[in-house]
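Undergrad: Take a look at this one; I'll ask things after.
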Amino acid sequence: MISPGHSWYEATAGKRPQYPALDGDTRCDVVIVGGGFTGLSAAVHLAKAGVDAVLIDANRFGDGASGRNGGQMGTGQRAWPEELEAELGFERSRALFDLAEEAKAHLLEFAETNKIEIDYQAGQISAAHKQRYVRDYRAHADIMAERYGYPHIRFMERDETAAALGTDRYFGAVRDTGTGHIHPLKLVIGTAKAAKKAGARIHEMTPAVAIRRASGKIVVETATGSITADRALLATNAYGGGLEPVSAAHIMPIGSFIGATAPLGKDSPVIPGGEAVDDSRFVVRYFRKSKDGRLLFGGREIYAVTDPKGMADQIRRQIAEVYPGLSDVEITHAWGGYVGITLPRKPFVREVMPGVISAGGYSGHGVMLSNFTGKLFAESVTGNRDRLKLLRELKVPAFPGGSWLRQPLLFLALNWYALRDRI
Ligand SMILES: Cc1cc2nc3c(=O)[nH]c(=O)nc-3n(C[C@H](O)[C@H](O)[C@H](O)COP(=O)(O)OP(=O)(O)OC[C@H]3O[C@@H](n4cnc5c(N)ncnc54)[C@H](O)[C@@H]3O)c2cc1C
């Protein structure tokens, strides 16, 4: 699966080293398939712990979701802690929240330690696009402070929200000063460099074509050879196709598209505080300003279009719904990628065959979680399995309908939710 369009991130990430394809047969302790955040993070931490790791990616590192996303780190898991609490109880919800807080701290610390400039900007605003969601947002700020001891989220009334976003289209919001947003491709490039420096053997343009067990080992076959290992990590997420059927049954790819506008200018009223924004739509709109003052605006839909002009037109229409004054704005870059979602919007981390862990399905919340899951996988290889276990224990059922029916069923479901967003 190829991600469509040329991203603003590719245009601004600076020098992007190329890594050689793997040719022939090799052996190692751990083989990793997929060079996004999950796989590259696992490779660095394994190599730093002295484990011989080989990583392959079918494309360039970051050409999946990791180098092309909205860059929003968020807080907690994809679902709010109060939602998880209703299902899992306070203790497990709390543990998942703490894990995500650690993931957030880890990302920033990792970038700093490895001298990766990720263009971090602080702040996140989550905004109610309908009056009916305002009560939930207000309660969320209280619950976060009182039950989860997280003091950085504050509710904003409608006027304050309008001033913070530069639009009066929203009815209220919460502002989170304890998180922020990043340039994701710079993190990918820096993580790959760190992995190589630590001794991992990393390869681009090397698709895995099969994975199987043989004589007590795991064998990943490529077009021109194979990798034989004791253990494996499948970090292919939404891009895995049919490589491994259990992962494919649980992680569904959904197209998501982003447009970058020309710089808006110093006097623009759009998000004066520089926060990242997401909203209460099920088909969420997510946007933020880049360091050079562009609006990076994303919406998540299954468009049939993949040509840049078609994408740009769709995105401009969505921008105009939020910022009517930008209905004619120039879109300089438009691109897309595939988000790996699961049915309950929780990460999918599972042993899919003996010795093979599959990790993905962060459901649009993977910027910090995928990086940390890679680290937790490495930890599980070198001895501590407890923290990965927290994710492995999450109940994630397969999508109904098998590989034939699930796409049409999801298409219908998303259209229904998109309709509900509008009423
Ligand atoms: C447009 C968009 C916007 C998003 N916005 C946000 C956001 O703002 N905040 C947030 O938290 N999350 C966001 N996400 C989600 C986030 O990007 C992902 O959760 C995260 O990047 C997942 O990383 P990963 O390493 O698991 O997968 P990926 O980065 O997708 O990596 C998978 C890799 O596997 C490789 N691969 C697949 N099959 C094979 C094979 N057979 N052999 C070898 N290699 C293979 C692919 O080439 C790819 O590089 C967004 C995603 C998209 C697409």
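The values are calculated or read from the model by the stated rules, or taken from the named source; none is laboratory data. Just so it is clear, the structure is predicted and the values come from calculations on it, not from any experiment. Cβ atoms come from the backbone with ideal geometry, glycine included; neighbour counts cover every protein chain shown. When the accessible area is computed, the model is the full protein with side chains, heavy atoms only, and any ligands, DNA or RNA have been set aside. Shrake-Rupley method; radii C 1.70, N 1.55, O 1.52, S 1.80 Å.
Undergrad: For region 303-320, check the following and say yes or no: at least one residue is at negative phi, surrounded by 21 or more Cβ atoms within 10 Å (Cβ to Cβ), outside any helix (DSSP H, G or I) and within 16 Å of the ligand (Cβ to nearest atom).
TA: Within region 303-320, the subset at negative phi is 303-320.
Subsequent filtering for residues that are surrounded by 21 or more Cβ atoms within 10 Å (Cβ to Cβ) retains 311-312, 315, 319.
Still in the list and also outside any helix (DSSP H, G or I): none.
No, because not a single residue in region 303-320 is at negative phi, surrounded by 21 or more Cβ atoms within 10 Å (Cβ to Cβ), outside any helix (DSSP H, G or I) and within 16 Å of the ligand (Cβ to nearest atom).
Undergrad: Collect the residues in region 274-298 that are open to solvent by 40 Å² or more (accessible area, probe 1.4 Å) and touching a helix residue (DSSP H, G or I) at 6+ places or on another chain (Cβ under 6 Å), keeping them in residue-number order. Let's see the steps before the verdict.
TA: Quick first cut of region 274-298, residues open to solvent by 40 Å² or more (accessible area, probe 1.4 Å) only: 278, 281-282, 291-292.
Scanning region 274-298 gives R281, F282.
Undergrad: Just to confirm my filter: which helices (runs of 4 or more DSSP H) fall fully inside region 331-423 and include at least 2 residues that are modelled with pLDDT under 95 and not aliphatic (A, V, I, L, M)? Break it down stepwise before answering.
TA: Details: elements: 366-382, 386-392, 402-422.
Passing ranges, in order: 386-392, 402-422.
Undergrad: Still on this model: Restricting attention to strands (runs of 3 or more DSSP E) lying wholly within region 167-215, give those where 3 or more residues are without any contact (Cβ under 8 Å) to a residue 40 or more places away in the chain. Quick ask: steps written out before the conclusion?
TA: Details: elements: 173-181, 201-203, 208-214.
Because the criterion is at least 3 residues that are without any contact (Cβ under 8 Å) to a residue 40 or more places away in the chain, the strands (runs of 3 or more DSSP E) in region 167-215 that meet it are 208-214.
Undergrad: Working only within region 181-207, note down all residues that are hydroxyl-bearing (S, T, Y) and either touching a helix residue (DSSP H, G or I) at 6+ places or on another chain (Cβ under 8 Å) or surrounded by fewer than 23 Cβ atoms within 10 Å (Cβ to Cβ) (or both). Break it down into steps so the answer makes sense when it comes.
TA: We begin by selecting, within region 181-207, every residue hydroxyl-bearing (S, T, Y); these are 191, 206.
Once the filter is applied, which keeps residues that are hydroxyl-bearing (S, T, Y) and either touching a helix residue (DSSP H, G or I) at 6+ places or on another chain (Cβ under 8 Å) or surrounded by fewer than 23 Cβ atoms within 10 Å (Cβ to Cβ) (or both), region 181-207 yields only T191.
Undergrad: So, one more: Quick check: anything in region 208-217 open to solvent by 60 Å² or more (accessible area, probe 1.4 Å), touching a Leu at 6+ places or on another chain (Cβ under 9 Å) and near the ligand (Cβ under 9 Å from one of its atoms)?
TA: Step one: list which residues in region 208-217 are open to solvent by 60 Å² or more (accessible area, probe 1.4 Å), which gives 209, 212-213, 215, 217.
This time we only want the ones that are touching a Leu at 6+ places or on another chain (Cβ under 9 Å), so: 209.
Those left that are additionally near the ligand (Cβ under 9 Å from one of its atoms): 209.
The answer is yes, given that some residue of region 208-217 is open to solvent by 60 Å² or more (accessible area, probe 1.4 Å), touching a Leu at 6+ places or on another chain (Cβ under 9 Å) and near the ligand (Cβ under 9 Å from one of its atoms).
Undergrad: While we're here: Filter region 223-234 down to residues that are within 14 Å of the ligand (Cβ to nearest atom) and more than 26 Å from the chain's Cα centre (by Cα) and give me whichever is nearest to G355 (Cα to Cα). Before you say what the answer is, go through the steps one by one.
TA: Step one: filter region 223-234 for residues within 14 Å of the ligand (Cβ to nearest atom), giving 223-227, 232-234.
From what's left, more than 26 Å from the chain's Cα centre (by Cα): 223-227.
Values: A223: 23, T224: 24, G225: 21, S226: 17, I227: 14 Å.
Residue satisfying both the conditions and the ranking: I227.
Undergrad: So D25 fits all but one of (1) open to solvent by less than 40 Å² (accessible area, probe 1.4 Å); (2) touching a Gly at 6+ places or on another chain (Cβ under 6 Å); what number is the exception?
TA: That leaves (1) as the condition not met.
Undergrad: Also: Just name the residue that is most open to solvent (accessible area, probe 1.4 Å) out of those in region 218-241 that are part of a helix (DSSP H, G or I) and of a type outside the set (S, T, N, Q).
TA: Just the residues of region 218-241 that are part of a helix (DSSP H, G or I), to begin with: 237-239.
This time we only want the ones that are of a type outside the set (S, T, N, Q), so: 238-239.
Details: A238: 6, Y239: 47 Å².
Looking at the filtered set, the residue picked out is Y239.
Undergrad: Okay, moving on. Any residue at all in region 242-258 that's part of a loop (DSSP other than H, G, I, E, B), open to solvent by 40 Å² or more (accessible area, probe 1.4 Å) and either touching a Lys or Arg at 6+ places or on another chain (Cβ under 9 Å) or away from the ligand (no atom under 14 Å from the Cβ) (or both)?
TA: Filtering region 242-258 for residues part of a loop (DSSP other than H, G, I, E, B) gives 242-244, 251.
Applying the additional criterion that residues be open to solvent by 40 Å² or more (accessible area, probe 1.4 Å) yields 242.
Filter once more, keeping what is either touching a Lys or Arg at 6+ places or on another chain (Cβ under 9 Å) or away from the ligand (no atom under 14 Å from the Cβ) (or both): none.
No, the conditions are met nowhere in region 242-258.
Every residue, every condition in (1) closer than 20 Å to A378 by Cβ; (2) of a type in the set (F, W, Y), yes or no:
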residue: Y19; (1), (2): yes, yes
residue: D52; (1), (2): yes, no
residue: N59; (1), (2): no, no
residue: D63; (1), (2): no, no
residue: Q72; (1), (2): no, no
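Undergrad: Quick one: which of R294, R288 is within 16 Å of the ligand (Cβ to nearest atom) and touching a Leu at 6+ places or on another chain (Cβ under 6 Å)?
TA: Working: R294 fails: touching a Leu at 6+ places or on another chain (Cβ under 6 Å).
Unique residue meeting the criteria: R288.
Undergrad: Also: Tell me, please, whether a residue that is within 13 Å of the ligand (Cβ to nearest atom), of a type outside the set (F, W, Y) and surrounded by 20 or more Cβ atoms within 10 Å (Cβ to Cβ) can be found in region 259-267.
TA: The answer is yes, given that some residue of region 259-267 is within 13 Å of the ligand (Cβ to nearest atom), of a type outside the set (F, W, Y) and surrounded by 20 or more Cβ atoms within 10 Å (Cβ to Cβ).
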